[in-house]
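Below is one structure; the comments refer to it alone.
Readers should treat all values here as calculations from the given coordinates under stated rules, not as data from a laboratory. Predicted model only: the values in this text are computed from it and were never measured. Counting neighbours? That spans all protein chains shown, and the Cβs are built from the backbone with ideal geometry, glycine included.
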Ligand code: BES
Ligand code: MN
Ligand code: ZN
């Protein structure tokens with residue numbers, strides 16, 4: 001879709017569809033543009049509202065035709081819910097409902113009077129961004145693995161009507177929103193691809209292509225290079241797989257090279273069967289989503305480069321499969337990580353931390369200002385927080401605050417859990433420096449405490465996105481989270 005901003009007289013605008021917001025109330029309330037149109041249309045809009053066909057409930061919509069004195073072919077009344085409760089989340093629901101209905105009706109273009117629906121803590125730039133993200137997200141479809149013919153998105157041109165004084169800000173928001181939406185789409189596409197197509201080698205190839213397209217420096221370490229780097233933990237996970245592991249590194253420079261970068265590390269486990277500690281068969285297909293963290297790192301680099309952010313950014317994606325095999329890790333095996341710390345593998349299904357710990361050590365060479373790792377790390381995090389919040393863990397309060405604020409502002413929320421040293425004793429091993437599991441209780445926390453051991457040299461945060469990055473069940477698919485959070489965080493740095 002193409003988005004633009006315009007300042008026009010709505011009454012005489014030749015539009016395929018003009019979209020007007022309606023707040024829910026005893027007497028449903030139009031926004032300023034709506035009142036203006038209603039007066040021009042001899043009170044016909046109000047008359048319809050008074051008949052009770054449309055009460056302004058959030059996401060409800062009603063199409064009107066043949067309004068007198070109005071040039072638009074149709075007017076869509078779009079429910080915004082109650083004015084008091086109107087916020088970013090309501091704006092997203094309304095914009096997403098509008099996108100779906102416009103597209104369903106086969107309309108190619110629409111003009112939206114939605115920016116005037118205001119809410120706290122969001123100027124017109126942010127509101128424009130929110131609308132673009134929500135509309136693009138609503139019309140996302142994954143069809144790459146269907147034989148076709150593929151459905152095309154009908155809706156192609158969306159214009160946000162705004163006051164002249166706000167136009168520059170709105171355009172900025174549209175530009176940002178479109179880049180974020182492309183990032184979310186990229187992350188969803190990679191994650192939705194099945195494990196036989198989206199392999200570590202596939203991701204490495206994609207990184208090289210993206211690097212060329214956006215002028216990033218891309219480096220891919222193969223298993224021989226990892227061996228030279230003594231990445232014994234990462235390599236041990238890959239031993240049970242016929243697909244060679246890759247450590248993918250992407251560098252974006254928006255500032256002089258001397259400036260310390262932010263480093264994002266994303267778990268790129270392209271399929272997690274659990275290894276010898278095999279997972280149960282039910283819903284095991286969903287473990288193709290175990291590379292959602294890695295996908296969000298690809299997306300963050302793409303958005304940073306497209307928006308030419310004034311930061312230095314490094315993305316590191318350790319990528320491997322985790323399968324049972326004669327050569328696979330066995331419970332009780334002890335491996336030595338790149339940092340020299342030995343690890344007793346008590347459960348081969350706790351593999352994410354094994355590939356991440358070496359990537360965290362590798363990150364040291366970039367002298368990072370901050371490192372954020374992103375991983376579908378634990379079922380325990382889903383139990384704790386459900387699908388609404390990503391789990392946030394950090395050894396640095398300032399960094400944690402920045403990430404929490406970015407989550408709140410982008411509507412892609414995180415919630416902090418502790419990594420107190422007192423939890424570390426759950427990871428003690430009789431035979432190695434560290435065990436890879438911490439027992440029954442606090443599983444998301446002990447997983448984070450494991451990573452903490454490898455992140456002592458820089459401010460570090462960990463996002464556990466097991467619950468937020470994808471949805472299961474009949475509508476199963478990737479959500480593209482936490483790309484909006486990451487971009488917001490990077491925009492603010
Ligand atoms: N990839 C899984 C975590 C996961 C589970 C993500 C369900 C999304 C949905 C991870 O590798 C894993 O298997 N973790 C284990 C850890 C346990 C063995 C300590 C888990 O959560 O069960
Ligand atoms: Mn696992
Ligand atoms: Zn996993």
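General observations
- In the range 391-430, one over the average inverse separation of all distinct C-alpha pairs is 11.4 Å, which is the Kirkwood hydrodynamic radius.
- Annotation: the residues 470, 415, 420, 460, sorted from fewest to most other C-beta atoms within 10 Å of their own C-beta, follow the order 420, 415, 470, 460.
- Counting all C-alpha pairs of the range 277-317, share separated by more than 16 Å (%): 51 percent
- Per-residue Cβ neighbour rank within 10 angstrom, fewest leading, 291, 284, 91: 284, 91, 291
- Per-selection Kirkwood Rh - the range 2-139 (Cα, Å, 1 d.p.): 14.8 Å
- Summarising the overall dimensions of the range 189-267 from its C-alpha atoms, the Rg and Dmax are 14.2, 42 angstrom.
- Alpha-carbon centroid distance for the pair the range 210-266 / the range 171-193, whole angstrom: 23 Å
- The range 338-396 versus the range 23-84: alpha-carbon centroid distance in Å: 50 Å
- Rg/Rh (Cα only; Kirkwood hydrodynamic radius) as it applies to the chain: 1.03
- Sorted by Cβ density within 10 Å, fewest first, the residues 48, 235: 48, 235
- Listed peptides 363-373, 476-486, 317-327 by packing density, highest first (mean Cβ within 10 Å): 476-486, 317-327, 363-373
- Relative pair counts by distance (%), Cα atoms of the range 445-493, 10 Å bins: 20, 35, 35, 9, 1
- Every Cα-Cα pair of the range 40-106 was included, and the share exceeding 17 Å stands at 47 percent.
- Principal-axis tilt of helix 292-306 within the chain, Cα atoms, nearest 10 degrees: 60 degrees
- Rounded if a/c under 1.5, otherwise prolate or oblate - the range 367-421, Cα gyration tensor axes: oblate
- The DSSP beta bridges internal to the chain are antiparallel in roughly 40% of cases.
- 0 to 90° range, to nearest 10: angle between helix 352-363 axis and the chain longest Cα axis: 90 degrees
- Rounded if a/c under 1.5, otherwise prolate or oblate - the range 359-493, Cα gyration tensor axes: oblate
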